[in-house]
Amino acid sequence: MKEYTQYPLLAHNTFGMDVRAARFVEYESEDELRRFLLSPEARTARLLHIGGGSNLLFTADFEGIVLHSAIRGWEVVAQDDDEVLLRVGAGVVWDDLVAYTVEQGWYGAENLSLIPGEVGASAVQNIGAYGVEAKDLIVQVEAVSRTTGERRVFPVEECRYAYRQSVFKQELKGEYFVTQVTYRFRKRPCWRLEYGNIRAELAKDGGALTLQRLREVIVHIRREKLPDPAVTGNAGSFFMNPIVPQSRFEELLREYPDLPHYPAGEGTVKLSAGWLIDRCGWKGRSLGPAGVHSRQALVLVNLGGATGADILRLSAAVQSAVRERFGIDLHPEVIFL
């Protein structure tokens with residue numbers, strides 16, 4: 001286990017906020033995590049567990065202990081002719097896992113290519129893109145209790161997954177720290193091509209549809225519309241796509257026939273937050289050093305030297321504009337600290 005004081009978090013948040021943690025603790029095993037959690041200092045300290053920092057906005061130094069998992073590696077725990085179950089450490093970089101499954105010829109995660117962050121966060125956040133969510137792949141989540149240090153296994157049904165939600169973000173927020181996640185991957189094709197412009201991109205070269213080709217297309221699409229956080233600080237999609245009642249959607253559709261929409265369960269429809277923001281004229285605009293990305297209105301960016309307060313100010317302005325024009329409240333996907 002590695003421990004540091006007054007630790008800079010610049011490399012641990014993709015918004016590029018130059019803040020520090022009073023202490024930073026990185027553990028390499030479940031036993032190390034348990035020993036730390038049962039220590040006297042952990043009992044009273046303010047704890048923050050982070051992954052790749054791709055869903056965080058620091059507004060000040062963190063006066064507490066930041067925890068980070070270095071539990072890495074993966075192992076096949078079961079397989080047959082149709083599927084394989086892979087148990088993965090929470091500290092594995094998510095896209096490294098996706099690349100590995102594609103190399104192995106396992107289907108399921110390819111639409112989630114290039115999503116930043118780590119495996120543990122995938123289970124907490126229920127990451128998703130292009131018609132696929134982490135919950136579609138997860139079999140179970142292993143976690144350690146903050147209060148008792150005991151290991152608990154959560155079958156996927158107990159994780160209470162919904163759009164960008166889980167039991168780890170709701171009822172058990174801050175109570176459990178994910179250590180391992182077991183995913184199910186298919187050995188036979190199970191393509192999801194109906195979202196975004198996937199089919200159009202695949203048709204450009206007329207080549208055969210393969211796992212590797214689909215991954216390349218997803219990576220290309222994401223790089224075309226999303227800024228590289230190594231160049232321009234951002235946390236990807238800043239807002240969640242709003243879900244509205246069917247009746248409200250029908251009202252909006254009459255006024256805006258080109259309104260993008262997706263099914264979201266019985267009696268509800270998911271709308272595109274990026275489209276709403278764009279229609280309000282915020283795409284490519286800025287407030288000081290904080291801006292709305294010019295190619296994807298769902299992404300707020302640090303144009304250089306922005307503070308957390310600058311990003312919050314822009315966020316509030318965008319929310320106000322969408323609320324005034326459409327009567328819809330946008331909720332941040334990013335966690336404010």
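The values are calculated or read from the model by the stated rules, or taken from the named source; none is laboratory data. Note that the structure is predicted; figures quoted are calculated from it, not measured. As a convention, Cβ positions derive from the backbone with ideal geometry for all residues, glycine included, and neighbour counts pool all protein chains shown. When the accessible area is computed, the model is the full protein with side chains, heavy atoms only, and any ligands, DNA or RNA have been set aside. Shrake-Rupley method; radii C 1.70, N 1.55, O 1.52, S 1.80 Å.
Return the residue satisfying two criteria in turn: it lies in segment 74-102 and is under 20 Å from the mean Cα position of the chain (by Cα), under 16 Å from residue 180 (Cβ atoms) and small (Gly, Ala, Ser), and of such residues it is surrounded by the fewest Cβ atoms within 10 Å (Cβ to Cβ).
Looking at residues that are under 20 Å from the mean Cα position of the chain (by Cα), under 16 Å from residue 180 (Cβ atoms) and small (Gly, Ala, Ser), I get 91.
Looking at segment 52-75, can you tell me whether even one residue there is part of a helix (DSSP H, G or I) and within 30 Å of residue 289 (Cβ to Cβ)?
No - not one qualifying residue is present in segment 52-75.
What are the residue pairs meeting all of these: first residue in segment 12-40, first residue free of Cβ contacts under 8 Å to residues at least 40 places away in the same chain, second residue open to solvent by less than 30 Å² (accessible area, probe 1.4 Å), Cβ atoms under 7 Å, and 6 or more apart or on different chains?
These pairs meet every condition: 36/25; 36/27; 36/42.
Anything in segment 103-114 that is more than 19 Å from the chain's Cα centre (by Cα) and in a loop (DSSP other than H, G, I, E, B)? List them, or say none. Steps first, answer last, please.
Going residue by residue through segment 103-114, those that are more than 19 Å from the chain's Cα centre (by Cα) are 103-107.
The answer is 105, 106.
Note down all Cβ pairs under 8 Å where the first residue falls in segment 240-265 and is among the aromatic types (Phe, Trp, Tyr), the second is modelled with pLDDT of 90 or more and in a helix (DSSP H, G or I), and they're at least six residues apart or on different chains.
Filtered contacts from segment 240-265: 256/279.
What strands (runs of 3 or more DSSP E) completely inside segment 135-214 contain at least 2 residues that are open to solvent by 70 Å² or more (accessible area, probe 1.4 Å) and over 30 Å from residue 45 (Cβ atoms)? Spell out the reasoning first.
Values: elements: 138-145, 151-155, 176-186.
Filter on segment 135-214 gives 176-186.
Could you say whether any residue in segment 25-33 is over 21 Å from residue 168 (Cβ atoms) and assigned to a loop (DSSP other than H, G, I, E, B)?
Yes: one or more hits.
Residue under question is residue 105, and the condition is that it be of a type in the set (Gly, Ala, Ser), within 19 Å of residue 198 (Cα to Cα) and surrounded by fewer than 21 Cβ atoms within 10 Å (Cβ to Cβ); does it hold?
On the way: of a type in the set (Gly, Ala, Ser): yes; within 19 Å of residue 198 (Cα to Cα): no; surrounded by fewer than 21 Cβ atoms within 10 Å (Cβ to Cβ): yes.
No.
Report, ordered by the first and then the second residue, all pairs with beta carbons closer than 6 Å, sequence separation of six or more or different chains, a first member in segment 131-154 that is within 30 Å of residue 113 (Cβ to Cβ), and a second member that is surrounded by 17 or more Cβ atoms within 10 Å (Cβ to Cβ) and small (Gly, Ala, Ser).
134/122; 137/108; 141/123
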